[in-house]
C-alpha cells in the first residue's frame, strides 16, 4: 500500500458499462439556471454549442454516411438507456417516434427536478448537429410526457 493509505486506480471508461442517467437531472438544473439568469435564447445557444462540440464525430458521420448515421446513433442510445422508439428511414427522411424518453422516465422515476423546457435539449442539440451537417430537423412534443416525434432530412429535401 502506498504512503498515507492512498491507492491509485488506473481505469478507462471502457471498464464500466455506459450509463449517464443522472446527467439528465444535472442538465435540468442547468437549463433552469440558464433560463432564469440569461434567458431562453441564451439557453438555446448554449445547448447548440454543446451539440456542435459533443457530437462532432456524429456530425462527421452524418455528412459522410447520411441519415443512417443518425439512425445508428439514436438506436444505440435508446438501447443503452432503455428507451422505446420506432424508427422509419425512407424517402430521404428519418422519423423517430419516441414512446418512452429514457431521460424523462429516469427523472420522473427518481423524483428529480424536471423542467418543462427539458425537451428543448433535444430540439437544440439536434438542430446544431443538423445545421453543421447540411440537414434539417423538427421535434414535436408536449412537455413532460416523454413522447415525441423527431424528423430529419437533407436541407434540399422539403418535408
Q: Could you grab the relative contact order for the chain? Cα pairs under 8 Å, six or more apart, rounded to a whole percent.
A: 25 percent
Q: Post the alpha-carbon centroid distance, segment 108-159 to segment 35-51, in whole angstrom.
A: 14 Å
Q) Which number do you get for Rg(Cα) / (2.2 N^0.38 Å) in segment 50-101? A) 1.17
Q) Which label marks the calculated value of percent of Cα pairs over 19 Å apart, given the options (i) 53; (ii) 60; (iii) 64? A) (ii)
(Q) Residues of segment 110-150 with backbone nitrogen within less than 20 Å of a virtual label 7 Å along the Cα-to-Cβ line of residue 56, please, listed as ranges. (A) 125-135
Q | Ordering of 35-46, 137-148, 118-129 by packing [mean C-beta count within 10 Å, highest first] | A | 118-129, 137-148, 35-46
Q) Against the longest principal axis of the chain, how steep is helix 67-80, in degrees 0 to 90 to the nearest 10, with axes from Cα atoms? A) 40 degrees
**Q.** Stretchable slack from residue 45 to residue 10, in nm (0.36 nm times residue separation minus alpha-carbon distance)
**A.** 8.9 nm
Q: Could you tell me how many degrees, from 0 to 90 and to the nearest 10, lie between the Cα long axis of helix 56-65 and the main elongation axis, the longest principal axis, of the Cα atoms of the chain?
A: 40 degrees
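Values in this text are rule-based calculations from the coordinates and carry no lab data. Values in this document were obtained by computation on a predicted structure and should not be read as measured data. Counting neighbours? That spans all protein chains shown, and the Cβs are built from the backbone with ideal geometry, glycine included.
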